[in-house]
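These notes are about the structure you will find just below.
The values are calculated or read from the model by the stated rules, or taken from the named source; none is laboratory data. Treat the numbers as computed from the prediction; the structure is a model and nothing was measured. Neighbour counts run over all protein chains shown; Cβ positions are idealised from the backbone, glycine included.
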Amino acid sequence: MDKTTAVSPGSIIVTHRQTSQLTQVTLNLTSDEAQILKHYCEKTGKSEQDLIRELIQELPVI
């Protein structure tokens, strides 16, 4: 099932593509957001994928 959700016009678009085990999420970031993400990952040695996964895992379940 593919699903697209516009969170904030022009800044982030989240596309979900789900397979049997994984869901692929594509983020469209502003150039500033992308630069912050890249810089943080370079400083911490984490991949963008790992960082985003960790942040999602820290979200409270509601």
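Checked against (1) within 13 Å of the chain's Cα centre (by Cα); (2) at pLDDT 90 or above; (3) surrounded by 10 or more Cβ atoms within 10 Å (Cβ to Cβ), residue 26 meets all criteria but (2).
Of the listed requirements (1) modelled with pLDDT of 90 or more; (2) under 14 Å from the mean Cα position of the chain (by Cα); (3) hydroxyl-bearing (Ser, Thr, Tyr); (4) loosely packed, with under 10 Cβ neighbours inside 10 Å, residue 5 misses just one: (1).
Checked against the criterion of being at pLDDT 95 or above and of a type in the set (Val, Ile, Thr), the candidates 44, 19 yield just one match: 44.
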